[in-house]
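The values are calculated or read from the model by the stated rules, or taken from the named source; none is laboratory data. The shown structure was predicted, so the numbers you read here are calculated from the model rather than taken from an experiment. In this analysis, Cβ positions are derived from the backbone assuming ideal geometry, glycine residues included, and neighbour counts consider all displayed protein chains. All accessible areas refer to the heavy atoms of the entire protein, side chains included, with ligands and DNA or RNA removed. Shrake-Rupley method; radii C 1.70, N 1.55, O 1.52, S 1.80 Å.
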Amino acid sequence: MKMTITRFYSLPLVILLTVFSIIIPGNAANRKHLEQLLTNKECPKCDLRGVNLENAKLPGANLQGADIRGGKLNDLEAPMANFENAKLENVELENANLSKSNLKSADLREGKLNNVNLSASNLENANLLKANLKNANLENAIFQTTNLKNSNLENANLHGADLTAANLSGANLEKVDFRQTKITEETVIAKKWLFVWKLVNQKLDKELSGVDLTSALLQGINLDYVNLSGANLEKAELFIVSLKGANLQEVNLSQAKIAYTDLTRANLKDANLQGADLRYTNLTNADLRQVNLQGAKINKETMIDAKWRLVWEITNQKVVNRNMTGVNLEETYLSNVNLFGAKLNNAKLYGSNLSKANLNQASLYNSDLKATNLQGANLKNANLENANLAGANLKNAQIQGANLKGAYLCGAVMSDGSLHGCDK
């Protein structure tokens, strides 16, 4: 007992407390190796299986060839450490700092590396099969011939990283920063993400209609006047992107984040912006006809024409009983909106989509509703006197108690599906 006490007192107090706070599943050899590591940061080929080094401070530590399988290293501070050839299978390294470290040929299979900092580290020939690297900082890291198959790299920063001959087959690369990333012919990567990498780093043809850019991160690039009609950018992130005059007709931008992006004079007709984040975006003179803005986010800094800001307000805010007499809402997307009791006398609603809208008790006296989609709309007790409903679609609309006195219904599809004739 005396020898044991003397030995512990010979350690610095911080190390002593750290040793007692660490869970060691192994035998005396493990404890000896751990004490060695904490004392002088030198533990090559040590047996540290299942060790708990959470929040430990080990900058520059030498763990070359060490067996740390199943270890808990969350929040570890070990920049410039040496993990070459280390066995780190199923290790937990969440929020750890291993920047500028050597992990050549390290085995990190199925490791939990969420939010890890591996910037400027060397992971050449490392095995990261099925590893979770979500939100990891991998800027300027080396991944030459590294196995990243089926790994999760969602939202990882690969800016300036070297992926020469790396295997990224089956990897999740959603919202990865590919700027200045090095990819070669030997790199194994899905065609979609290879295209995203090219779009971010190379000057491509302006004809990009129908491309799949779902969950892609596009940052700081110029796409002025490009044709992206029919493209899918659902859940994509566009940050400081220039799309002036671009053709984005029928583009799917639902749930996309579009911050500090210039969409001046862009054609967004029939685009889906449902749930999109448009804060700080410039939409000046953009064509937003039939654009779905349900659930979209805008703020005071969003530059958008008054007509379309009003459409956003109608779509996302309470406008019951609002007076909008004479308003211009031509070719707008207002499906499912609540316009109960709204005053829309003399309003211009030509070609608008009001399907399933609630217009109960609304006043649409003398309004222009030509070619308007009112399919399934609630028009109970609405005032449609002298309204122009030529070519409108009223199929399945609820028109009980509606005032249609003097309304022009030439070519309109009525609530029962019949086609209204035209008076000579």
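General remarks:
- Selection status of Gly230, open to solvent by 10 Å² or more (accessible area, probe 1.4 Å), at pLDDT 95 or above and of a type in the set (Gly, Ala, Ser): yes
- Subset of the range 360-388 that is under 35 Å from the mean Cα position of the chain (by Cα) and among the hydrophobic types (A, V, I, L, M, F, W, C) - its residue that is surrounded by the fewest Cβ atoms within 10 Å (Cβ to Cβ): Leu374
- Qualifying residue in the range 341-351 (condition: open to solvent by less than 50 Å² (accessible area, probe 1.4 Å) and assigned to a strand (DSSP E or B)): no
- So Ala136, is it crowded, with 21+ Cβ neighbours inside 10 Å, among the aliphatic types (A, V, I, L, M), closer than 25 Å to Leu173 by Cα and under 31 Å from the mean Cα position of the chain (by Cα): yes
Residue by residue, here is whether (1) out of contact with any Cys (no Cβ under 6 Å at 6 or more places or on another chain); (2) among the acidic types (Asp, Glu); (3) within 21 Å of Ala231 (Cα to Cα); (4) free of Cβ contacts under 8 Å to residues at least 40 places away in the same chain holds:
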residue: Gly275; (1), (2), (3), (4): yes, no, yes, yes
residue: Tyr280; (1), (2), (3), (4): yes, no, no, yes
residue: Leu283; (1), (2), (3), (4): yes, no, yes, yes
residue: Ala286; (1), (2), (3), (4): yes, no, yes, yes
residue: Val291; (1), (2), (3), (4): yes, no, yes, no
residue: Gly295; (1), (2), (3), (4): yes, no, yes, yes
residue: Glu301; (1), (2), (3), (4): yes, yes, no, yes
residue: Lys307; (1), (2), (3), (4): yes, no, no, yes
residue: Asn316; (1), (2), (3), (4): yes, no, no, yes
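- Counted residues, the range 247-268 - those being over 23 Å from Asp305 (Cβ atoms) and open to solvent by less than 10 Å² (accessible area, probe 1.4 Å): 0
- Within the range 175-194, considering residues that are touching a strand residue (DSSP E or B) at 6+ places or on another chain (Cβ under 8 Å) and not β-branched (Val, Ile, Thr), the one farthest from Leu218 (Cα to Cα): Lys182
- Residue identified as touching a residue at least 40 places away in the same chain (Cβ under 8 Å) and within 22 Å of Asn328 (Cα to Cα) among Asn373, Asn345, Asn383, Asn353: Asn353
- Residue match in the range 161-173 (condition: of a type in the set (Asp, Glu) and assigned to a strand (DSSP E or B)): yes
- Considered as a group, the residues in the range 82-103 that are under 10 Å from Gly60 (Cα atoms) and under 29 Å from the mean Cα position of the chain (by Cα) include one that is surrounded by the most Cβ atoms within 10 Å (Cβ to Cβ), and that residue is Leu98.
- Selection count where residues are in a helix (DSSP H, G or I) and either among the β-branched types (Val, Ile, Thr) or open to solvent by less than 30 Å² (accessible area, probe 1.4 Å) (or both), scope the range 198-220: 2
- Only one entry of Lys235, Lys244 meets the criterion of being open to solvent by 20 Å² or more (accessible area, probe 1.4 Å), under 30 Å from Thr181 (Cα atoms), in contact (Cβ under 8 Å) with a residue 60 or more places away in the chain and in contact with an Asp or Glu (Cβ under 9 Å, 6 or more places away or on another chain), and that entry is Lys235.
- Residues in the range 288-330 that are over 26 Å from Ala259 (Cα atoms) and either under 30 Å from the mean Cα position of the chain (by Cα) or buried (at least 16 other Cβ atoms within 10 Å of the Cβ) (or both): Val319, Arg322, Met324, Val327, Leu329, Glu330.
- Here Glu250 fulfils each of the conditions (1) within 21 Å of Glu301 (Cα to Cα); (2) in a loop (DSSP other than H, G, I, E, B) apart from (1).
- For the range 23-44, a tally of residues being aliphatic (A, V, I, L, M), in a helix (DSSP H, G or I) and at pLDDT below 85 returns 2.
- Selection count where residues are in a loop (DSSP other than H, G, I, E, B) and either of a type in the set (Val, Ile, Thr) or more than 15 Å from Asp287 (Cα to Cα) (or both), scope the range 231-247: 7
- Filter result for Glu42 (within 34 Å of the chain's Cα centre (by Cα), open to solvent by 10 Å² or more (accessible area, probe 1.4 Å) and either touching a residue at least 12 places away in the same chain (Cβ under 8 Å) or closer than 20 Å to Ala141 by Cα (or both)): no
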